[in-house]
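**Student:** Encoded as structure tokens, here's the structure I'll be asking about.
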Amino acid sequence: MRNPRFNQITPNYRKRVLEVVLREGKRLNRYNLPFAVFTGMKIGADNRFASITIESDLAEQGATFVLEDGTRGDFPADFVLYYSDPTYQWSPINQLKRALKSKISDSKLSLRVLADALNTSPAQVVRLLQENRASKQFLQLFKLAQIAGYNIEFTLKKRTAA
């Protein structure tokens, strides 16, 4: 089980992300957490972070922040992994892979049938469904989800020029 702790949190307004350094054991990992994951908060160059505090009371596993407009918020270290690390067990992509595995095993579809539907090899289907690995074949994974009866929707928001 992973036990990440905050080491450093720095806002980058140009990239619209929080640059986060997490410590897991002796390893330091760097992540970019988009401002957009904080729904309902307008974070940007015109509403900057007034303060960001790593909570020592929570063993450096939580952080709180205050924006210039007075809005307060907090988030745990796992929140960063959820949105920024595709190998994290509870990331959205790994949850989709688990759901697909169970749906496919319940349907008794063979790997050959799935591979033919995706125009790929059975070995590639197995690689697609491996959890805790970064998958670059998102289109195949989403097509497989459609075959299994899931609908996946994305909402893109256009950024306005500042």
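**Student:** So what J values fall out for region 22-30 if you push phi through Karplus, 6.51 cos²θ - 1.76 cosθ + 1.60 with θ = phi - 60°, rounded to Hz, Gly and Pro as x?
**Tutor:** 10, 9, 10, x, 9, 8, 10, 10, 9
**Student:** Take the Cα pairs of region 1-82, get the Kirkwood Rh, then feed it into Stokes-Einstein at 37 °C and 0.692 mPa s and tell me D in µm²/s.
**Tutor:** The calculation lands on 254 µm²/s.
**Student:** Taking K and R as +1 and D and E as -1, what net charge do the other residues with C-beta under 15 Å from the C-beta of Asp57 add up to?
**Tutor:** -2
**Student:** For Gln8 and Ser121, what does the FRET efficiency come to when R0 = 41 Å and r is the distance between their Cβ atoms, rounded to the nearest 0.05?
**Tutor:** Calculated transfer efficiency: 0.45.
Every number here is computed from the coordinates shown, using simple stated rules; none is lab data. These numbers were taken from a predicted model, which means no experiment stands behind them. Counting neighbours? That spans all protein chains shown, and the Cβs are built from the backbone with ideal geometry, glycine included.
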